[in-house]
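Written below as structure tokens is the structure these notes are about.
The values are calculated or read from the model by the stated rules, or taken from the named source; none is laboratory data. Everything quoted here is computed from the prediction, not taken from an experiment. When we count neighbours, we look across all protein chains shown, and the Cβ atoms used for this are built from the backbone with ideal geometry, even at glycine. Areas reflect the complete protein model, heavy atoms only, side chains present, ligands, DNA and RNA absent. Shrake-Rupley method; radii C 1.70, N 1.55, O 1.52, S 1.80 Å.
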Amino acid sequence: MNICVIPARGGSKRIPGKNIKQFHGKPIIAWSIEAALESQCFDRIVCSTDSEDIAKVARQYGAETPFLRPEIISDDHVTIAPVIAHSIEFYEKEVGAIDFVCCIFATAPFIQSFDIQKSLEIIKTKNIDYCFSATSYSFPIQRSIFINKDGRCKMFQPETYDKRSQDLEDMYHDAGQFYWGKASSWLENKNIFSEQSIPYLLPRYQVQDIDTEEDWIRAELMYSAFIDKLKNKGSR
């Protein structure tokens, strides 16, 4: 059995009501739920939330909400692993053993069902703990700078000062969309970013973290162009 867990805590401070705020015509969480449903990879799709308002919207778009998340795993400082483990433990008591679990973030409107499908195949065929979405940095991070309290700068890797950008190694970061993992890996809280994981690479135009109002505006602008690109390819 495979389950999808969409964490969607209430009480967002930087973007009030973020997880159910309207994004291109529907609550932003709906994009994650619909991609999960369209992928046909899951026996159950659950929204783990501490908010009845979010739960109501999640149910409207096809997710299950069999519980409200306990307060102890609902504050600002809780990491994702305990939230996923809570859902696994709940469903294992209800329906039996679980094989793979995919955590999909509620604010991931660029997520595509075929990426969920392809990454599931990777974790099923490789002996790994996780397969997660990632993308490349658009600028060489070796040439990034610090700014001190006096406004002066210092290079992150000064030894790369004379190197051409194209000669520096490509670097990647978590794309914040989905994380496939073995149920046992989630329960044991194994490190997602380790040699026992395989990143599933996405193009940069398909990735935008949404934590601030500025991020939200950028995501809306990017999404309009993204949909046009998909239409030209004959995709969703």
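Within segment 14-28, being open to solvent by 10 Å² or more (accessible area, probe 1.4 Å), under 18 Å from Phe226 (Cα atoms) and either in a helix (DSSP H, G or I) or touching a residue at least 40 places away in the same chain (Cβ under 8 Å) (or both) holds for one residue alone: His24.
Residue-by-condition table, conditions (1) farther than 20 Å from Ser119 by Cβ; (2) of a type in the set (Lys, Arg); (3) surrounded by fewer than 21 Cβ atoms within 10 Å (Cβ to Cβ); (4) without any contact (Cβ under 8 Å) to a residue 12 or more places away in the chain:
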| site | (1), (2), (3), (4) |
| --- | --- |
| Ser12 | yes, no, yes, yes |
| Ala30 | yes, no, no, no |
| Ala55 | yes, no, no, no |
| Ala63 | no, no, no, no |
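When each of Ile122, Ile128 is tested for being assigned to a loop (DSSP other than H, G, I, E, B), modelled with pLDDT of 95 or more and open to solvent by less than 70 Å² (accessible area, probe 1.4 Å), the lone residue that passes is Ile128.
For Arg69, the stated conditions hold: it is buried (at least 18 other Cβ atoms within 10 Å of the Cβ) and part of a loop (DSSP other than H, G, I, E, B). Within segment 205-226, no residue that is within 23 Å of Lys13 (Cβ to Cβ) and of a type in the set (Phe, Trp, Tyr) sits with its Cβ atom under 6 Å from a residue that is modelled with pLDDT of 95 or more and open to solvent by 20 Å² or more (accessible area, probe 1.4 Å) at 6+ positions apart or across chains.
Take the conditions open to solvent by 60 Å² or more (accessible area, probe 1.4 Å) and on the phi < 0 side of the Ramachandran plot and apply them to Asp215. Does it pass? It is false that Asp215 is open to solvent by 60 Å² or more (accessible area, probe 1.4 Å) and on the phi < 0 side of the Ramachandran plot.
Of the residues making up segment 38-50, not a single one is on the phi < 0 side of the Ramachandran plot and without any contact (Cβ under 8 Å) to a residue 12 or more places away in the chain.
Anything in segment 135-181 that is on the phi > 0 side of the Ramachandran plot and either surrounded by 14 or more Cβ atoms within 10 Å (Cβ to Cβ) or part of a strand (DSSP E or B) (or both)? List them, or say none. Correct list: Gly176 only. Annotation: Ser184 fulfils all but one of (1) open to solvent by less than 100 Å² (accessible area, probe 1.4 Å); (2) free of Cβ contacts under 8 Å to residues at least 24 places away in the same chain; (3) not in a helix (DSSP H, G or I); the unmet one is (3). For Ile104, indicate whether it is closer than 26 Å to Ile15 by Cα, in contact with a helix residue (DSSP H, G or I) (Cβ under 8 Å, 6 or more places away or on another chain) and either without any contact (Cβ under 8 Å) to a residue 40 or more places away in the chain or of a type in the set (A, V, I, L, M) (or both). Yes: the conditions hold for Ile104.
Put simply, of Ser194, Ser224 the only residue that is at pLDDT 95 or above, among the hydroxyl-bearing types (Ser, Thr, Tyr) and over 16 Å from the mean Cα position of the chain (by Cα) is Ser194.
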